[in-house]
1. Applying a 10 Å radius around every beta-carbon, put 205-216, 173-184 in order of their mean neighbour count, most first.
2. Need one number: % antiparallel among DSSP beta bridges in the stretch 39-488, to the nearest 5.
3. Mind sorting Asp354, Asp118 by how few other Cβ atoms lie within 10 Å of their own Cβ, fewest first?
4. List Tyr42, Tyr109, Tyr84 from most exposed to least, where exposure is judged by having the fewest other Cβ atoms within 10 Å.
5. Checking the a/c ratio against 1.5 first, then a/b against b/c, what shape does the Cα gyration tensor give for the stretch 39-488?
6. Which cross-chain or sequence-distant (5 or more) residues have an amide H under 5 Å from the amide H of Ala45, H modelled 1.01 Å from N in plane?
7. Based on alpha-carbon centroids, what's the gap between the stretch 394-409 and the stretch 190-242 in Å, whole number please?
8. How big is the charge dipole of the stretch 39-488 about its Cα centre, in debye rounded to the nearest 20, if each Lys and Arg gets +1 on its Cβ and each Asp and Glu gets -1 on its Cβ?
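What follows is calculated from the coordinates using simple rules that are stated; it is not laboratory data. All of these numbers come straight from a predicted model, not from anything done at the bench. For neighbour counting, all protein chains shown are included, and Cβ atoms are generated from backbone atoms with ideal geometry for every residue, glycine included.
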Amino acid sequence: MATAITECTPSFLAAAGLAVLAICSYLAVVLRRGGVAGAKRYPPAVGTVFHQVYHLRRLHDYYTDLFREHMTFRLLSPGRGQIYTSDPAVVEHILKTNFSNYGKGESNYENTSDLFGDGIFAVDGDKWKQQRKIASYDFSTRALRDFSGGVFNKNAAKLAHIVSDNAAAKQPMDFQALLMKATMDSIFTIAFGLDLNTLSGAAADEGSRFAAAFDDASEFILLRFVNAFWKVARFLNVGAEAALRHRIKVVDEFAYKHIRARADEMSVGKAHDAESKCDLLSRFIQATTSESGEVDYKYLRDIIMNIVIAGKDTTAGALAWFLYMMCKHPEVQEKISEEAREAADAGETASIDDFSQSLTDEALNKMHYLHAALTETLRLYPSVPLDNKECFSDDVLPNGFSVGKGDMVFYAPYAMGRMERLWGEDAQAFRPERWLDEHGVFQPESPFKFTAFQAGPRIWKGVRVQADEGLRGSAAPFLRAGSARQGRQRELQDHDHALHQAGSPSHGCGEMIVLGHIHIQIQ
Ligand code: HEM
């Protein structure tokens, strides 16, 4: 008997603790709402936020299971109300129709501002509008698009060389790590006009330290979303919070050093040179420097770092899943190779470099099947699997459910991509053809149904085009024409092996997403 009690005690206590917390949460929410039977209707409560901890390893599949029962539901929480939706009408309402009533809110800002500062990811209202205004002009310019297209393409060719050499030598690779380096190099060049060159391993110490500190800092920020006591740890400067402080110092020193150097370069007398620069930092310095020549370094740091945060892990994650899908679907891979051969017109025996060179915008725009395969990858494995907005004043959703001021409304690109009621019986299947019309031309879907890029006014058309082009330009060199069919097949099988070795997508999407897509989780 004594043994039985001893064995039971930890799990019994854990269960009892959870039960008490769940009851408290329920009461807190009910009391806050002024009773069970009010005039307002709330979405069904199907669990508590503590269930999320229990299901952490398969969190997004847990949500998907719940969404199969209810398009919109609540998880009871001790603090603010938490509503989850997979209903495109609700998504449209919070992201577009009633845009001004939903935003990042205070708690997101608190969690992220040590790294994000007042950058576009963390802020709402006027601060958001101002950055958006400056940046959206730049993102739609031809010069920036050409520049960033060239950068993505160059780094994709570098990566393809590394992969090809490793595959020939039968060396396993950590594919996700390689993609993270390649996208860090690309985004950093686009943002700062500097090639960190982490991919070749030849990065200067300072550059590698920055890249590693940046990745760590993103991860520590993410941890704050599941650690209710992070403020205490920050106050005491212990654990992850102490490490975060140190990493942010490394990131900031590096960023400020380059911002100051560029601002000096661009100061009176050298402005002519600066005009020819295409990177975002140079353009933002031009756009934000006052007439007296005063430069707001903190503001520039926030703007630029947010773009690095926004573009890096999203692109790397999407490419990792895309290559994983290619390993699993050789027939799709073969079709893309054929399409690439035709579109790039580079000849059967073109080298990786020649093939990359021939991937002009025009060639990429002809590659509808590649576009469809990438979009299909993002439907099933969106880089941002769950996103949220805070409600600023009491509201009623299109489905009749009430939302209170301060409540969080989550929409779920991952679960939505798997809903049969949205995509048909074969929703779970990887089928690029669903994005093509009868002439093989790519057909976009409503952004409120395919939510991988978010929707509404916070989508930047220019960025969206850049992301699309960056993805296509980065993906295509892997599937270059010219190598013998068997060689390609073997290479990709080796990639598949490497992906398994690396333990990324093959370990289940939840884990990959948690590890790989920081800005996503923290929204
Ligand atoms: C596969 C590639 C990408 C995906 C799936 C993606 C997805 C997203 C999503 C879902 C958001 C909304 C997050 C939120 O709630 O704030 C977002 C925001 C943003 N993304 Fe991307 N992104 C990608 C690539 C890029 C790239 C390459 C850049 C820039 C170089 C970029 C720049 C931004 C910016 C600036 C925002 C903030 C927009 C705002 O709040 O106004 N993204 N992205």
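1. Values: 205-216: 17.8, 173-184: 23.1.
Those peptides, ordered most packed to least, come out 173-184, 205-216.
2. The antiparallel proportion sits near 65 percent.
3. By the 10 Å Cβ count, ascending, the order reads Asp354, Asp118.
4. The fewest-first ordering by Cβ neighbours comes to Tyr109, Tyr42, Tyr84.
5. Oblate is the answer for the stretch 39-488, as a/c is 1.5 or above yet b/c matches or exceeds a/b.
6. Close amide H contacts, sequence-distant or interchain: Arg74.
7. Taking the Cα centre of each part, the stretch 394-409 and the stretch 190-242 sit 35 Å apart.
8. My answer is approximately 960 debye.
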